[in-house]
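A short reminder: the numbers here are calculations on the coordinates, not readings from a lab. This one's a predicted model, so the numbers in the text were calculated from it and none came from an experiment. Counting neighbours? That spans all protein chains shown, and the Cβs are built from the backbone with ideal geometry, glycine included.
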Number of protein chains: 2
Amino acid sequence: MATITELTVKDVRFPTSLEAHGSDAMHADPDYSCAYVIFKTDSKLEGHGLTFSLGRGNDLVCNSIKYMGRMVVGKKVSDIFDNFGIFWEKLVNDTQFRWLGPEKGVVHLATAGIVNALWDMWAKMEGKPLWKLLVDMEPEKLVSTMDFRYLSDALTPEEALAILKKNQSTKAEREKELLSKGYPAYTTSAGWLGYSEERIKKLCQEAMAEGFTKFKVKVGADLKDDIRRCRVIREQIGYDKVLMTDANQRWDVQQSIDWMKQLAEFKPLWIEEPTSPDDIMGHAAIAKALKPYGIGVATGEMCQNRVMFKQFIVEGAMQFCQIDSCRLGGVNEILVVLLMAYKYRVPVCPHGGGVGLCEYINHLCIFDYICVSASMENRVTEYVDHLHEHFKSPCVVKDGCYTVPKDPGYSAEMKEESLLEYEYPSGSVWKKLFAEGKFTPE
Amino acid sequence: MATITELTVKDVRFPTSLEAHGSDAMHADPDYSCAYVIFKTDSKLEGHGLTFSLGRGNDLVCNSIKYMGRMVVGKKVSDIFDNFGIFWEKLVNDTQFRWLGPEKGVVHLATAGIVNALWDMWAKMEGKPLWKLLVDMEPEKLVSTMDFRYLSDALTPEEALAILKKNQSTKAEREKELLSKGYPAYTTSAGWLGYSEERIKKLCQEAMAEGFTKFKVKVGADLKDDIRRCRVIREQIGYDKVLMTDANQRWDVQQSIDWMKQLAEFKPLWIEEPTSPDDIMGHAAIAKALKPYGIGVATGEMCQNRVMFKQFIVEGAMQFCQIDSCRLGGVNEILVVLLMAYKYRVPVCPHGGGVGLCEYINHLCIFDYICVSASMENRVTEYVDHLHEHFKSPCVVKDGCYTVPKDPGYSAEMKEESLLEYEYPSGSVWKKLFAEGKFTPE
């Protein structure tokens, strides 16, 4: 059995702020970035993984990975995968390091990078795409990868096992269905704050031509402008299609309620991140007030860990659960959140965008459908058409649906030339940008 | 008016793990450390501040401070102190950097280091200890230092102002009272998990001889051992004195309830950190279940920001509010938490220990008493007798009470020789420890 012998971490950044891609009410100028993790072994087996950030400070995450990676290097892969839940708990509970979180912010983003790379390795070891590794795994084994600490008041290992077993006999049907039809996606590409009206119209038309039926628009900076932009989009897509709104944490609680009442005429399915991502009871209050208008609350991309998800789910504070593949501590923690969401009947609609997030969540929603939810009702996965060209096995969306990945691994292995060009600050693209004066090295 | 011209950050660590100081159920071997911040100006004025950690990863906090410090260097001090609330909001909302939190973990610990140093500078500029700067400040000015974003459903600026104004006319009495009697402290020095029974007995006797009447014991690793140790302490201190228990996040929700029922006979005033610091509704459930036993829930040292405190306070999830001077983003954020706690009638009992925390919280509880709570009922401030010798103006506890600091500033300025000896990894103490093989450089 292979032993992990080496960890490499690369600070990879894309200068997306040059084009206002991804601009929203709180994040005007992101440079989509990732801490990129490579674990090598004493065999040919490797694991590649990443965790996402917006640029500045990405090096902090890289350094955190180097620290935590010491717990991985030198281990036999069997020592990790045979008791992955226990290993995961140790990884996030280093007796000194946990003060810096625990399980939140920089150190938990780092956890995601490490853990995602390990799952990539496991899937490659089995010669399967990650979703298929998960789907084929015995429920008992799956449950053994999860850490239930702090969750037992909402979900026990026994309940988790029962949920997974319930769907075993019908898995094959759903797998077949997905292989032929894919998993429904929605697009955010048309609705960024920084885009002009003409650009929005054009992007809506293009997206509809590509088969999309669900669209998200960023709101929260200016009410009049939001009304105008929602109207433009509704004029383009009509009322038979689905519109979602996203405020990116801009408002206080009452303000969220008041503002969204003004947008209710545009029939949004949800308001995403109306207020602080930490405000569980605030979200619950907003959800209650907006229920009569048919507007649900969606959140999760900045929800720091499973303990927060537990509360959001149990308290009725999220009607749509937007797991993030890099904010949570990798696949292990995501699995347990999928199960909690299922138990409390909250549909999971993963957060995409950035760099690599769409590649990851494609696997997660496939697993969710085949093994957990067994339903597509109110479920849809975000798709943003940025930066996929840097991956060896990029996600592919066809007719408004994610297609099922076939290559072994977790799909976030980057092309060597992309790593060379975009490594920060030494990559060729960055050297050129510094020389042209478009960026200043930090 | 002075301009801030330079930022220096030092990684300072103390090898406290050699003696099991500070060992608890989750943190077996802390090396008390701090990211130490010095802002210099174009005059003689300096600001010194720190933020605390347990050792490994302290460099991540230092590097985060260097990033965020760029928003400070080059500013006139008046630009900061004239609109400190607005400045604080900008500091925590860098459009790229906030993805790494927001306002939690590494980046928020960094915020504390920076902001604490700025308040030290402001107090020195005025030639006053920090508490006195706050006490003498006009209520309107105090309120202008706070950021109310995400809080308006619990506390508005107008309510904050009203609370501060209510106490204005009687401030002088309370200031005089504190100057003569000090602020009540409790000691944790006797109750660490790693200590032997004999050591506990000896430390209880010493603490009582020093005038302490309130004692805290660490629990949560083993129920039988907890019962035995609570009994030892109660035998030493009797039932007329106060005992508190602290589980350092060891349990799940139901486990917390069951375990504490077993310790109820020892009449603990509170159980501190029974479960995950992120589990607001879990703490609320524990508080409800333990109320009939007269046991309150205390938490806060790992409560990441004011939005979490808001929910803990409003939901009845903390009966004792344990602000941490370095976990929250410095004085500005602490002030608004003090006011929320007051409004909802939750006594504030700050978290001490580590390095520099006791120096800081002394100022905060003095301000709380004089300007906010105007009561000592159920209020007591943690004192741990470690590492005070490294400070130029260490806190002094006499007859079980913190004495009032007199020197200008926020009391966490370290001695030059301590900085030289304990800077990691280059300080003389660390070089010696590496040479002796007692530690391995990272």
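Working ranking of peptides B:425-434, B:276-285 by packing, defined as the average number of other Cβ atoms within 10 Å per residue, highest first, is B:276-285, B:425-434.
The convex hull around the C-alpha trace of chain A, projected and averaged over every direction, spans 20.0 square nanometres. Could you identify which residue out of A:Asp385, A:Asp240, A:Asp94 has the top mean-square fluctuation in a GNM of chain A using Cα springs shorter than 10 Å? With Cα springs under 10 Å in chain A, the top fluctuation among A:Asp385, A:Asp240, A:Asp94 is at A:Asp240.
Partner shielding of B:63-71 amounts to 2, given as the average count of beta-carbon atoms from other chains within 10 Å of each residue beta-carbon.
Roughly how crowded by other chains is peptide B:24-34, in terms of the mean Cβ count from those chains within 10 Å of each of its Cβ atoms? Don't jump to the answer; show the numbers that get you there.
Values: counts 1, 0, 5, 6, 2, 2, 3, 1, 0, 2, 0.
Partner Cβ neighbours, averaged per residue: 2.
Between copies, the label points of B:Tyr239, set 7 Å from Cα on the Cα→Cβ line, lie 7.1 nm apart, reported in increasing order to one decimal in nanometres.
Give the order of A:Val73, A:Val242 when sorted by the count of other beta carbons within 10 angstrom, beginning with the fewest. Write out the running numbers ahead of the final one.
Details: A:Val73 13, A:Val242 19.
In increasing order of surrounding Cβ atoms, one gets A:Val73, A:Val242.
When both the stretch B:408-442 and the stretch B:171-194 are represented by their alpha-carbon centers, they are found 29 Å apart. The H on the amide N of B:Glu272, modeled in the peptide plane, is under 5 Å from the matching H of B:Thr245, B:Asp246, B:Ala247, B:Ala298, each at least 5 residues off or on a different chain.
How charged is the neighbourhood of B:Phe320? Take every other residue with its Cβ under 15 Å from the Cβ of B:Phe320, and add Lys/Arg as +1 and Asp/Glu as -1.
-4
Working note: 222 nm ellipticity from helices only, DSSP H runs with n ≥ 4, each -39,500 (n - 2.57), summed and divided by the residues of chain B, gives -12000 deg cm²/dmol to the nearest 500. For chain B, modelled as a GNM whose springs connect Cα atoms under 10 angstrom apart, the maximal fluctuation among B:Pro292, B:Pro184, B:Pro394 occurs at B:Pro292. For B:Cys349, nonlocal amide neighbours, meaning residues 5 or more places apart or on other chains whose placed amide H falls under 5 Å from its own, are B:Cys321, B:Gln322, B:Ile323. Among chain A residues, the beta-carbon with the smallest distance to the axis carrying A onto B is reported, with distance in whole Å, as A:Gly105, 1.
Report for chain B the percent antiparallel among DSSP-assigned beta bridges with both residues inside it, nearest 5. Kindly include the intermediate steps, with their values, before the conclusion.
On the way: 24 of 43 bridges.
Once the DSSP bridges in chain B are tallied, antiparallel ones form about 55 percent.
In nanometers and ordered shortest first, the copy-to-copy spacing of the B:Arg345 label point, defined 7 Å from Cα toward Cβ, is 3.7. Between B:Lys128 and B:Gly409, the built amide H atoms are under 5 Å apart, and every one of these is 5 or more places off in sequence or on another chain. Pairs exceeding a 20 Å alpha-carbon distance, out of B:Lys90/B:Lys128; A:Lys216/A:Lys288; B:Lys218/B:Lys310; A:Lys181/A:Lys214: B:Lys90/B:Lys128; A:Lys216/A:Lys288; B:Lys218/B:Lys310.
Report, in listed order, any pair from B:Lys66/B:Lys165; B:Lys75/B:Lys104; A:Lys132/A:Lys343; A:Lys66/B:Lys44; B:Lys224/B:Lys267; A:Lys40/B:Lys104 with a Cα-Cα distance greater than 28 Å. Could the numbers behind the result be given before it?
On the way: B:Lys66/B:Lys165 38 Å; B:Lys75/B:Lys104 25 Å; A:Lys132/A:Lys343 23 Å; A:Lys66/B:Lys44 40 Å; B:Lys224/B:Lys267 17 Å; A:Lys40/B:Lys104 32 Å.
Those over the limit are B:Lys66/B:Lys165; A:Lys66/B:Lys44; A:Lys40/B:Lys104.
Inter-chain Cβ neighbour count for B:299-307, averaged per residue, equals 3 (cutoff 10 Å, partner chain atoms only). For A:Lys141, inter-copy separations between label points set 7 Å beyond Cα along the Cβ vector come to 6.8 nm, shortest first. A Förster radius of 30 Å, combined with the Cβ-Cβ distance separating B:Arg199 from B:Val429, puts the computed FRET efficiency at roughly 0.75.
Given R₀ = 35 Å, FRET efficiency for B:Ser152-A:Val73 by Cβ-Cβ distance, to 0.05? Could you put the intermediate results ahead of the total?
Working: r = 48 Å, r/R0 = 1.38.
Efficiency computed from Cβ-Cβ geometry: 0.15.
If you take the Cα centroid of the stretch A:20-60 and the Cα centroid of the stretch B:38-114, the two points sit 24 Å apart. The calculated Kirkwood hydrodynamic radius for the stretch B:164-402 is 18.0 Å, given to one decimal from all distinct C-alpha pairs. DSSP assigns beta bridges within the protein assembly as shown; of those with both partners inside it, close to 55 percent run antiparallel. Mind giving me the nanometre distance, one decimal, between the label points for B:Glu210 and A:Ile227, set 7 Å out from Cα along Cα→Cβ? Placing both labels 7 Å along Cα→Cβ, they lie 6.5 nm apart. Rounded to the nearest whole Hz, the Karplus-based 3J(HN,Hα) values (6.51 cos²θ - 1.76 cosθ + 1.60, θ = phi - 60°) of the stretch A:404-413 follow the sequence 7, x, 10, 6, x, x, 10, 6, 10, 6, with x at glycine and proline.
When the Gaussian network model of chain A links Cα atoms closer than 10 Å, the mean-square fluctuations of A:Val331, A:Val307, A:Val297 top out at A:Val307.
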